[in-house]
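**Student:** Mind having a look at this structure? Questions to follow.
The values are calculated or read from the model by the stated rules, or taken from the named source; none is laboratory data. Please read all numbers here as calculations on a predicted model, not as lab measurements. No Cβ is skipped: glycine too gets one built from the backbone with ideal geometry, and neighbour counts run over all protein chains shown. Side chains are part of the model used for accessible areas, which takes the heavy atoms of the whole protein and leaves out ligands, DNA and RNA. Shrake-Rupley method; radii C 1.70, N 1.55, O 1.52, S 1.80 Å.
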Amino acid sequence: MSTVDGLAGPAAVAEAELQAERRAPRRRRAGGAGSRRRARWAGWWFALPALVMYVVFELYPIVTAVQYSFYDWDGINLSTPVGLDNYVRVFTEPQLLSSIVHAFILVIFFSVVPVLLALVIASIVREIRSAVAGGLARTLLFLPQIIPGAAAAIAWTWMYAPDGAVNQGLRAFGLDALARPWLGDFTWALPAVGIIGTWLATGLCTLLLMSGIGKIDTSLYEAAQLDGANRMQQFRNVTLPGLRQEIGVCVTITIIAALASFDVVYMSTQGGPGYSTQVPGVQVYQLAFTENRIGQSSAVAVVLSLIVLAVILPLQRLFRER
């Protein structure tokens, strides 16, 4: 209702304010939903470049490898469908099957030994009270990790040579009978390559476990000491349970490195002598680029990927925090 001079009366003004307050929450809800929708799509836009790269350089090669694995193709001429023949050869040809066996043997050197050594070294370094000594120990332990695997393999090749540092050290201690061309010996070539992996992986595992030990509540060690637990009992009942996740990370990383190893093996022995150090990673490369057997190479790559998943997924459940 308006007054004579055209201005709204007090009742009309109050009614208008009340209606404005009723409309305001609806506008805020509409604005909030729109903001959330825009924020959600903004996240996808930011992730789009990474998704494109992942599809182009990860998913597409995987799908292509699976497709090639069902064909007999030399990479140039027309391909011929062969069904599952390439996969059958992986498990029937002694050369291909032995490469898978060698990869599992390398798990001992790339994963089991480094994790055990890292547990011992991390427990010892934890006892070092000097900040300088502790920092120096961590630097020396991590040093092999910053060296590329190919460079480390070349350096170890020189050390394993007949006149290399390893044989010179053995002769210095009167162990001439043990001196040999390690990477040329059919029996000792694979363990020699495995020791290179042990040297590369131990530092990384040690640093991961040391970071895990730093997160364990010190009151647990104090309580164990008050209860009369010695260092071994503290390690078994406090340190090991506290490092469950870190051990899981170490085991996962190192087992993948062992099963999918390529650079260390290829640069040190190229799978030789004979096939004594042949592993699936080198086999995939040689089948594809030396023998022009693209289909067979793809089948080995697919089988290797499935083996890695079959080993890693149960381990992830085993080391999951309970």
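**Student:** Please give the helix 94-107 orientation as an angle from the longest Cα principal axis of the chain, in degrees from 0 to 90, rounded to the nearest 10.
**Tutor:** Helix 94-107 and the main axis of the chain meet at about 70 degrees.
**Student:** Follow-up question, since we're still on this one. Got a number for carbon plus sulfur as a percent of the chain's accessible area, 1.4 Å probe?
**Tutor:** After summing per-atom areas, the C and S share lands at 67 percent.
**Student:** Could you state the accessible area per residue of the chain in Å², with a 1.4 Å probe and every protein chain left in place?
**Tutor:** The answer is 61 Å² per residue.
**Student:** From largest to smallest, what semi-axes in whole angstrom does the chain give when each is the square root of 5 times an eigenvalue of its alpha carbon gyration tensor?
**Tutor:** Each semi-axis is √(5λ); the values are 57, 36, 17 Å.
**Student:** By how many degrees, 0 to 90 and rounded to 10, does the Cα axis of helix 294-318 deviate from the longest principal axis of the chain?
**Tutor:** With both axes taken from Cα atoms, the answer is about 70 degrees.
**Student:** Related question: Could you give log10 I(q)/I(0) at q = 0.12, 0.16, 0.19, 0.20 Å⁻¹ for region 52-191, computed by the Debye formula over C-alpha point scatterers of equal weight, without solvent?
**Tutor:** Taken in order of the listed q values, log10 I(q)/I(0) reads -0.89, -1.13, -1.23, -1.26.
**Student:** Also: Which is the longest stretch in the chain that no exposed loop site breaks, taking sites as GluC sites (Glu not before Pro) with a DSSP loop state and at most 13 other Cβ atoms within 10 Å?
**Tutor:** It works out to 128-290.
**Student:** Once you keep just the Cα pairs under 8 angstrom separated by 6 or more residues, what percentage relative contact order results for the chain?
**Tutor:** Details: 348 pairs, mean separation 83.2, N = 322.
It comes to 26 percent, rounded to a whole number.
**Student:** Taking the 0 to 90 degree range and rounding to the nearest ten, how far is the long axis of helix 189-215 tilted relative to the main principal axis of the chain, both from C-alpha atoms?
**Tutor:** 40 degrees
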